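Everything on this sheet refers to the single structure shown next.
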Amino acid sequence: MKKTLFFLLITTISFAQIDKIEPPFWYSDMNLSEVQIMFYGKNIAYNEVSVSNGIVIKGVQKTENPNYVFVTIDTKNVMAQDFVFTFKNKDKSFTQNYSLKGRKENSRFRKGYDSSDLIYLIMSDRFANGNTNNDSTKETIEKANRNKIDGRHGGDIEGIIKNLDYIKELGATAVWPTPLCEDNDERGSYHGYGQSDVYKIDSRFGSNEDYLRLSSELHKRGMKNIMDYVTNHWGYKHWMMNDLPTYDWIHQFPGFKQTNYRMNSQFDTNASESDKKLYTDGWFVKSMPDLNQSNPLVLNYLIQNAIWWIEYADLDGFRVDTYPYGDKNGVSKWTKAVMDEYPNFNIVGEVWYHNPAQNAYWQKDSKIGAIESFNSYLPSVMDFTLQEIINGGVFNEEKANWNTGMVKVYENFTNDFLYPNINNILVFTENHDTDRFNTIYKNDLNKYKLAMTLIATIRGIPQIYYGSEIGMAGSKNVGDGDIRRDFPGGWNGDNNNAFTNLGRNEEQQKFHDFSAKLFNWRKNKSVIHSGKTMHYATENNVYVYFRYNESETVMVVLNNNAEKQTLKLDRFKENIKAHLSATEVLSNKQVNLQGDLEIEGQSALILELK
């Protein structure tokens, strides 16, 4: 009986087959030349591994789960080619092909997005349905239902591609879609942040090939593709969750424990160890298992996955979700590895703090982080302090006093000295997690003009949220789905097609015309992209600042007062200097700079000094 059981066990082991290989292939001539390939299959770890073509195996790592084996090979100086892994146990064996592919020319030195760009953020499921055949698919659980505010509505990659000309004509130069990798949750899967396969595009959005086509179509138009990446967590439907490589692949207490969300514990010198641990190791929500970036296997997996996507999809940048929630040393190693591979790439982290010093802590080479010898290596962070001032209703504060109105905006910029690279921070009025600007300000076009003029002319990289340019609104009080409404015209049968001039109603056209004029003007203005800033303390709720370099000067005036204001221009001689006149960008009118300047209530002026 014992001999029979032993024979059956050996037979099972010997005929182990591979169900998953990740990365599915790699590239030659990479800075990261040692690649750790994960093979997954029943009892695969009981096999010995060898490889053909003189490829060197640097290490084979097995875990407590015999269904995984991690094989590290050295690809340094190895040309692009196919080769074969052999898995052998006793006298039984099987093989698996693997490929090193050639890199695109100058791939290592690809240029990421920067302050010359305008980023257009898209909620991928809610922008446009370009292919109705993939609204629901066999391999995914949740089916399309536009009647559910938090259901899948059918927006997809094809819908984005079909409307790239619209985005370009608006003046945007980069597109950031919310995550497109598979999210197979039973409900709420439309947002994509609970990913179930990080090497596969969700079939309801399209295919991996469709994603490559999106990159190609963007690049044909001189535009950039930014992937929304998640280092902190996966979805609980991720294929690994039923058969983890190691117990500590995810944080377990055992099982689930929710984070305390105390982000400040990452640098709080008074924080208890228990608070720090619960913050970083706790799960963001129950349906999103928290990845353990301090586990070298997990960290290496994430590094390779990120680099694979950049190379495979020809990406121009990442936006990283919930950046400070992971193990900060692990995530900084992830960031450094990506940037070492692509030194001109860009990554912006979602660092949602309410204090500029705390935001600045997370930018690369921060002097604040250096106090505790920490460097995130993160090139860009999001200016949430400015966004919260705007989202908090600053443009509704028409009668300002000592600490209300435009003085809040002015004071935000007085903290710019905290950031190591002030031109490489993301500025925005809203995104997919906040109330819509046009809800807060009741679709007041004048207030929209003030806000858009501000983010289009200050330092940093401006980001706009799809639909705001036509007056789209939405409230978190109604639900997240309300701030992620369908773009009108993105679905067959929509009564209103706001993608076209003829399809927009009068209000949508006014919002759009202003936006397109402003953002297209910004496109070619290096003085805005990289010029210096000088600003003046607010008076009567009027904020004045200058963007300047050696050859150009732009004066921006934001009057948040309900009443017309008269400015004494002598006050600004430090920047006006010998300039006698200016052209107002939005109206094309000529303005005399000798004497006083009048500006209407609740309005903006952008003056190119002559």
Got a sec? What order do Asp416, Asp290 fall in by accessible area at 1.4 Å, biggest, i.e. largest, first?
Asp416, Asp290
Name the long-range amide H neighbours of Lys476: under 5 Å, sequence gap of 5 or more, or other chain; modelled H, no Pro or chain starts.
Asp435, Arg436
Over the chain, what percent of the accessible surface lies on carbon and sulfur atoms, probe 1.4 Å?
48 percent
List the residues, sorted by chain then number, that are 5 or more residues from Arg152 or on another chain and whose placed amide H is less than 5 Å from its amide H.
Asn145
Could you give the dipole magnitude of the chain about its Cα centre, charging the beta-carbon of Lys and Arg +1 and that of Asp and Glu -1, in debye to the nearest 20?
720 debye
Asn346 long-range amide H proximity, modeled H, under 5 Å:
Gly112, Tyr113, Phe318
Among 162-170, 251-259, how do they line up by average Cβ neighbours within 10 Å per residue, starting with the highest?
162-170, 251-259
For the range 467-569, projected area of the alpha-carbon convex hull averaged over all directions, nm²
10.3 nm²
Taking the highest mean first, how do the peptides 332-340, 438-446 order by number of other beta carbon atoms within 10 angstrom per residue?
332-340, 438-446
Quick one: 3J(HN,Hα) in Hz for the range 259-269, Karplus 6.51/-1.76/1.60 with θ = phi - 60°, rounded, Gly and Pro as x.
4, 8, 6, 7, 4, 5, 5, 5, 9, 6, 6
A correct Karplus calculation of ³J(HN,Hα) over the range 371-378, with 6.51 cos²θ - 1.76 cosθ + 1.60, θ = phi - 60°, whole Hz and x for Gly and Pro, returns 4, 10, 6, 10, 10, 6, 6, 7
Starting with the highest mean, order 29-41, 587-599 by the number of other Cβ atoms within 10 Å, averaged over the residues of each peptide.
29-41, 587-599
Based on the Kirkwood radius over alpha-carbon pairs, what value in µm²/s does the Stokes-Einstein equation return for the translational diffusion coefficient of the range 154-296 at 20 °C and 1.002 mPa s?
125 µm²/s
In the range 107-240, lysine pairs closer than 17 Å at Cα, eight or more apart or cross-chain:
10
Excluding Gln293 itself, calculate the net charge of residues whose Cβ lies under 10 Å from the Cβ of Gln293, where each Lys or Arg counts +1 and each Asp or Glu counts -1.
0
Once both label points are put 7 Å beyond Cα along the C-beta direction, the Ser587-Lys277 separation in nm becomes 6.4 nm
Any idea what log10 I(q)/I(0) is at q = 0.13, 0.19, 0.24 Å⁻¹ for the range 27-123, Debye with uniform C-alpha scatterers and no solvent?
-0.59, -0.92, -1.26
Set of lysines near Lys276 by C-alpha distance (under 21 Å), chain-local residues within fewer than 8 positions excluded
Lys257, Lys286, Lys328, Lys333
Angle, helix 445-457 long axis vs. longest principal axis of the chain, Cα atoms, 0 to 90°, nearest 10?
70 degrees
Accessible area per residue, Å², the chain with all protein chains present, probe 1.4 Å:
41 Å²
Let me check I've understood the local charge: for Ile119, count other residues with C-beta under 14 angstrom from its C-beta, Lys and Arg +1, Asp and Glu -1. What total comes out?
-3
Can you run phi through the Karplus equation (6.51, -1.76, 1.60; θ = phi - 60°) for the range 320-328 and list ³J(HN,Hα) in whole Hz, with x for Gly and Pro?
10, 5, 6, 3, x, 7, x, 4, 5
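The values are calculated or read from the model by the stated rules, or taken from the named source; none is laboratory data. All values derive from a computational prediction rather than experimental measurement. Positions of Cβ are generated from backbone atoms using ideal geometry, with glycine treated the same way; all protein chains shown enter the neighbour counts. Ligands, DNA and RNA are stripped out before the accessible areas are found, and what is left, the full protein with its side chains, is counted by its heavy atoms. Shrake-Rupley method; radii C 1.70, N 1.55, O 1.52, S 1.80 Å.
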